[in-house]
Every structure is written in C-alpha cells, then in structure tokens.
Amino acid sequence: MPHCLFMHKADSIYDDIPAERYQFPAQYFTRAEPCIADWIVYLEPRKVRNSRGYFAVARVEKIIPDPTAPGMFLALIEPGTYLDFVDPVPFSGSEGPIERGVLNEAGAISGRAQAAVRPLSRLDFARIVNAGLPEDDTLPRVGDLAPLDRVQDPQVSFEIERPIIQSLVNRPFRDRAFRRAVLQAYDARCAVTGWKLINGGGRAEAEAAHIRPVERGGPDSVRNGLALSGTAHWMFDRGLIGLSDDLDIMISRQVNDYPSVEAIINKTGRALAPERAALRPHPAFLGWHRENCFKH
C-alpha cells in the first residue's frame with residue numbers, strides 16, 4: 001500500500017494543527033482512509049509565497065468524523081510521530097518533481113499535483129524523507145540508487161524504506177533532527193535573551209526546548225519549540241518564565257531574583273520568533289505551558 005500526502009498551509013481555513021490533527025472534507029475520506037496506521041508527508045502548496053514544499057512527516061493513528069463540523073473528518077496524528085524536516089524539500093528540483101507520482105505518462109505534471117490528499121508511493125516517500133532529514137548513518141542515501149522511477153520491485157521499495165522508518169521512531173535521531181530544525185528556524189538565537197553565542201567549533205550555545213515536553217504529549221514540531229540559552233531553558237522548563245500567545249515574556253512571581261531575570265530578557269520584552277508564521281510557537285502549545293508549567 002502507498003503512503004499519503006496531506007497538503008497544509010499556515011493560514012488554512014481548516015482546523016489543522018499538523019502535529020496533532022488534519023481536518024479535511026468528506027470527499028477526501030476514501031483517499032485518506034488507506035493511511036490509517038501509516039506514515040504521511042505534509043506539503044505546503046506551491047501557490048504559497050516562498051513555499052517550504054514538503055516540510056514534515058507523521059503517522060496517522062485514526063480518522064474520525066469531526067464532532068464540531070458536520071461533513072468534516074479529522075486525521076489524528078499518533079503521538080510521538082510528527083517530525084519537522086530539518087531541510088524542507090522543494091516540490092521540484094533540477095531533475096523535476098521529487099514526487100514522481102504527480103507526473104503523467106508524458107512526463108508532465110498532472111492534475112494530481114493539486115489534490116490536497118493523495119497517495120504517495122513508497123519510493124517517493126523514501127526520497128522526500130531522505131532529503132528532508134539530516135545525514136545519518138541509519139538513513140540510506142536514496143540518491144545513490146538507480147533512478148527511482150525504474151525501481152518497481154516492491155521488495156526493493158521495502159528495503160529502501162525500512163531503515164528510514166526505523167529512524168523516525170528512534171528518540172536520539174528525533175532529538176538531533178528537532179534541535180537542528182529549531183535552531184535553524186531561530187538562526188541559533190535565544191528567543192528570550194536575544195543572544196547568539198557560537199563556540200570555536202561552530203556549535204550554538206542555544207538549545208532546542210519543547211514548549212510542551214515530549215514526555216507529556218508534546219510533538220517534535222518547530223511550532224512546539226523555542227531556541228533558548230541554557231539558563232532560559234532551565235527557567236522555562238520549571239515554569240519560572242512563560243509566554244503569552246502574543247509572545248510577551250512573563251516572569252513568575254516565584255522568581256527569587258526578579259531584577260536579574262528581567263535583566264537578561266531582550267529589550268523588546270517579547271520572545272524573538274521566526275518571521276514565517278508557519279514556524280512560530282503555536283498558541284495551543286503556549287497555552288498548555290501556561291496552564292501546566294508556568295508558576296503564576
């Protein structure tokens with residue numbers, strides 16, 4: 001069975017949080033149903049200015065009717081499977097579309113490329129994920145194989161895909177990918193202090209912090225992440241600082257050295273965030289942190 005592709009944009013009219021759920025109308029149900037308990041790839045439409053292209057991978061746990069919207073369905077993402085790509089993958093490169101399934105028999109892009117929910121072959125899935133995630137010994141270099149559109153043997157497809165999926169559920173691999181994606185989105189600059197400190201070996205001082213921790217159901221999504229210096233990370237995890245939905249930095253009344261904490265906050269008083277809306281902290285995760293971690 002093939003995988004699926006879900007198309008998503010940040011200002012969508014649909015009630016999506018890609019790391020948690022994907023909403024779609026009933027006419028797409030037969031296309032989406034085969035992806036239950038299987039992996040999908042997210043794509044930002046080409047018509048979006050400076051589109052990121054293919055930007056994340058996740059596994060669908062189940063599909064249910066949306067209880068709040070008649071005629072709509074929700075594909076619920078299995079916790080712990082969503083992962084943003086470190087390097088978003090363009091729809092097309094020098095050799096044409098990376099997703100060969102959108103080509104017709106004449107080799108031109110067909111109307112299938114406009115479908116918001118569509119099948120994704122195992123080879124296309126492997127090639128997209130391979131291009132989007134960092135170099136790692138566990139990932140086969142798909143580009144080193146024979147041209148993918150000539151590899152039709154299902155067993156070959158499985159052998160290419162298997163180590164990639166094994167990596168997608170490996171915690172150390174996911175931690176490395178999450179850190180790289182978050183620091184890239186924030187240009188390695190701490191969102192609270194504004195500091196961008198790089199050591200002699202080129203490693204950033206900033207750390208990738210989950211807003212809602214993984215162990216408490218938080219996804220490995222850049223929108224559930226912040227680049228924070230070690231001290232800011234420590235305070236954020238312990239609820240001594242938090243963020244409003246507008247990214248105003250809040251200091252807990254329980255801080256025992258308020259002036260010192262206030263002194264390290266950047267002059268704007270607001271967390272620095274990526275310019276692209278699709279990468280900024282999501283209010284759902286910020287709200288969770290305020291309700292469950294922040295010490296008011």
Item to check | Under 22 Å from K196, Cα to Cα: lysines that are on another chain or at least 8 residues apart | outcome: K267
Checklist entry - If we sort 46-58, 25-37 on the protection proxy, mean other Cβ atoms within 10 Å, highest first, what's the order? => result 46-58, 25-37
Checklist outcome for this item: Given Cβ charges of +1 for Lys and Arg and -1 for Asp and Glu, the option among A181, N224, W234 whose Cα lies farthest towards the positive end of the dipole of the range 172-292 is A181
Checklist entry - Roughly what % of DSSP beta bridges within the chain run antiparallel, to the nearest 5? => result 85 percent
Checklist entry - HN-Hα J couplings of the range 282-287 from phi, Karplus 6.51/-1.76/1.60, θ = phi - 60°, integer Hz, Gly and Pro as x? => result 7, x, 5, 7, 4, x
Checklist entry - What is the packing order of peptides 123-134, 193-204, taking the mean over residues of other C-beta atoms within 10 Å and listing the highest first? => result 123-134, 193-204
Checklist outcome for this item: Going residue by residue through the range 217-223, the Karplus relation 6.51 cos²θ - 1.76 cosθ + 1.60 with θ = phi - 60° gives ³J(HN,Hα) values, rounded to whole Hz and with x marking Gly or Pro, of x, x, x, 8, 10, 4, 6
Next on the checklist: So in the chain, which Cys have no other cysteine's beta-carbon sitting under 4.7 angstrom from theirs?
Outcome noted: C190, C293
Checklist outcome for this item: Summed over the other residues with a beta carbon less than 14 angstrom from that of P119, with K and R at +1 and D and E at -1, the charge totals +1
Checklist entry - Counting each DSSP H run of 4 or more residues in the chain as -39500 (n - 2.57), what helix-only mean residue ellipticity at 222 nm follows after dividing by all residues, to the nearest 500 deg cm²/dmol? => result -7000 deg cm²/dmol
Next on the checklist: More than 28 angstrom separation, counting every C-alpha pair in the chain; what % is that?
Outcome noted: 41 percent
Checklist entry - Among all the lysines, which ones have a C-alpha under 27 Å from K47's C-alpha, if same-chain residues fewer than 8 places away are not counted? => result K9
Checklist entry - Between R270 and residues 5 or more places away or on another chain, which pairs have amide H atoms under 5 Å apart, with H built 1.01 Å from N, and which residues are they? => result I249
Checklist entry - Given Cα pairs under 8 Å that are at least 6 residues apart, what percent is the relative contact order of the range 172-292? => result 28 percent
Checklist entry - Given Cα pairs under 8 Å that are at least 6 residues apart, what percent is the relative contact order of the chain? => result 15 percent
Next on the checklist: Is there a quick way to get the dipole size of the chain? I mean about its Cα centre, with the Cβ of Lys and Arg at +1 and of Asp and Glu at -1; what is the value in debye to the nearest 20?
Outcome noted: 440 debye
Item to check | Note, ³J(HN,Hα) from phi for the range 180-193, Karplus 6.51, -1.76, 1.60, rounded to Hz, x at Gly and Pro | outcome: 5, 5, 5, 5, 5, 5, 9, 6, 6, 9, 5, 5, 8, 8
Checklist entry - Computed from the mean reciprocal separation of all distinct C-alpha pairs, what Kirkwood hydrodynamic radius does the range 25-135 have, in Å? => result 15.0 Å
Next on the checklist: For a quick check: with amide H placed at 1.01 Å from N, whose amide H comes under 5 Å from M72's, ignoring anything fewer than 5 positions away on the same chain?
Outcome noted: D66
Next on the checklist: For the chain, take the longest principal axis of its alpha carbons; what is the angle in degrees between that and the long axis of helix 154-168, to the nearest 10 within 0 to 90?
Outcome noted: 0 degrees
Checklist outcome for this item: So D237 and D257, fully extended at 0.36 nm per residue minus their Cα-Cα distance, gain in nm 5.5 nm
Item to check | Long-range amide H partners of I211 with built H, under 5 Å | outcome: G225, L226
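Values quoted throughout were computed directly from the atomic coordinates according to the rules given, and no laboratory measurement underlies them. Predicted model, so just to flag it, every value in this text is computed and none were measured. Positions of Cβ are backbone-derived with ideal geometry, glycine not excepted, and every protein chain shown enters the neighbour counts.
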